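The values are calculated or read from the model by the stated rules, or taken from the named source; none is laboratory data. Since the model is a prediction, treat every value here as computed from it, not as a measurement. Note that each Cβ is placed from the backbone with ideal geometry, even for glycine, and that neighbours are counted across all protein chains shown. When the accessible area is computed, the model is the full protein with side chains, heavy atoms only, and any ligands, DNA or RNA have been set aside. Shrake-Rupley method; radii C 1.70, N 1.55, O 1.52, S 1.80 Å.
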Amino acid sequence: MAVKRSGRPGSVEGVPPRIVRPYRSADTRCAARQGGRCEVRASNAGSSSREGREGREGREGREGREGRACYHRGTSVDGLRGRLGDGRAGVRGPHWATNARRDPGGDDSVGGMTDAESVTLYREMAVFTGNAHRAFAEAVCRHLEMPLGRCEVFEFSNENTFVRFLDNIRDRDVFLIQPIASPVNTRLMELLIMIDAAKRASAGRITAVIPYFAYGRSDKKDQPRIPITARLVANFIEVAGADRVLTMDLHAGQIQGFFNIPVDELHAQPHLAEYFRSLNLPRPVVVATDVGGAKGARDVAERLNAELAIVDKRRTSNNEQAEALTMIGEVSDRDAIIIDDEILTGGTVASALELLRRHKARSIYVGTIHPLFAGPAFERLDTPDVSELVYTDTVPMAEGAFTSVSTHVLSVAPYFGDAIHRIHTGGSVGELFR
Ligand code: R5P
């Protein structure tokens, strides 16, 4: 047969296009990650260099041959999701609590594929929690329209933690919700032991859902002879047997890289911004409590179409004392919204408050993601100088802890519920950030 080359890279007339098979490990679940669209650019991708040209041609060739289809038998991701039901296809709910391997249509195939050929998604999802923040886990489950799984987590009198799942979790897509909140080391051990118990109970996949990741401030060796505890905790979680992590606003985004498993990091800034927008403040300015917090504060400022100011803060030692030096930006006669990722002793916010008073801000609001509030925090923040203190529910908070300042809780449980649903059904978590 005569073979004629066509103009399109990678195709030869008369010969069926070469099928580039996605990599398949023994675990066919990995195939779900193969064959989609992916940008791999050389920094000089726009140039006419040989490398740039080959990169472009290779990409176009691949896209031409494979398109967006990535599952066997050419089933598209969207098609598969539609068959499984991920909320977009209007499949009867709560679909994510059902056996994801089975076609809602009744046969045992997915997207026209038989079980043997198909990408194996996990069976039912199951959600459990330790003792860190049960109310949050229950709120997530309410959003998911499914019950919270039954699990015993308690301490013996020798302070050894014991965990036992009371529901069958074999092959299930297991989500363990546990912020590493106070008492931090106990809650961390509970999480690790839950992961180990789930692994030994043959869970199909284990996702550690950690609304607040403690030890985030220990993310670098910036003094002699100190640990990088955030990395150590990441190692613990991984070694215990977690397959992935879902969390919210790590103290530093780079902590994601301390894990060698996928980490989905949700962000609360859009929720804070939406709330502050609803207050219709006439002259808002968003204030970052230090340079490290400028990125998160800028996100809120942009969403509010407000200006950004930054406190030049320094810590004098490891004794939790913060000193605000100067205010960078215009705050006088403005409605200042202080944004801090976490508040512990309240020292950082208190010194920002002091600066704002000195610079004659006309009103002051405080928004934080993780309200850890310990030690003198209540005294420092419970002041009529703060018009409102806004925080999320990533960690538990005692009711009535503040008496003077008005408080508002923004629940991020539905957001976590949406993310869990997407992880379970193979949807995009990134789309939630828009
Ligand atoms: C620091 O880098 C963080 O963003 C917070 O500002 C800090 O953790 C708050 O701690 P505290 O309330 O004890 O000043």
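Three principal axis extents, largest first, for the C-alpha atoms of region 334-396, in Å?
Largest to smallest, the principal-axis extents are 33, 19, 17 Å.
Which residues' amide hydrogens lie under 5 Å from the amide hydrogen of Cys151, considering only partners 5 or more residues apart or on another chain, with H built in the peptide plane?
Leu166
If I ignore ligands, DNA and RNA and count only protein heavy atoms, how much of Lys220 is accessible to a 1.4 Å probe, in Å² to the nearest 10?
Answer for Lys220: close to 100 Å² accessible.
So if I take the centroid of the Cα atoms in region 286-303 and the same for region 180-243, what is the distance between those two points in Å?
27
Fully extended, how many nm does the chain gain between Ile228 and Arg41 (0.36 nm per residue separation, minus their Cα-Cα distance)?
The Ile228-Arg41 span can extend by a further 64.0 nm.
How would you classify region 269-411 from its alpha-carbon gyration tensor, with a ≥ b ≥ c the square roots of the eigenvalues: rounded for a/c under 1.5, else prolate if a/b is greater than b/c, otherwise oblate?
In terms of gyration-tensor shape, rounded.
Rank Thr186, Thr383 by accessible area, highest first, at a 1.4 Å probe radius?
Thr186, Thr383
Between Asp264 and residues 5 or more places away or on another chain, which pairs have amide H atoms under 5 Å apart, with H built 1.01 Å from N, and which residues are they?
Close amide H contacts, sequence-distant or interchain: Val245, Leu246, Thr247.
List the residues, sorted by chain then number, that are 5 or more residues from Ile177 or on another chain and whose placed amide H is less than 5 Å from its amide H.
Under 5 Å from the amide H of Ile177 lie the amide H atoms of Phe128, Thr129, Gly130, Val209, each far enough along the sequence or on another chain.
Once R0 is set to 30 Å, what does the formula 1/(1 + (r/R0)^6) return for the Cβ-Cβ distance between Arg277 and Asp196, expressed as a FRET efficiency to the nearest 0.05?
According to the calculation, E is roughly 0.10.
Please state the shape class of region 224-321: rounded when a/c is under 1.5, otherwise prolate if a/b exceeds b/c and oblate if not, all from the C-alpha gyration tensor.
Here region 224-321 falls in the oblate category.
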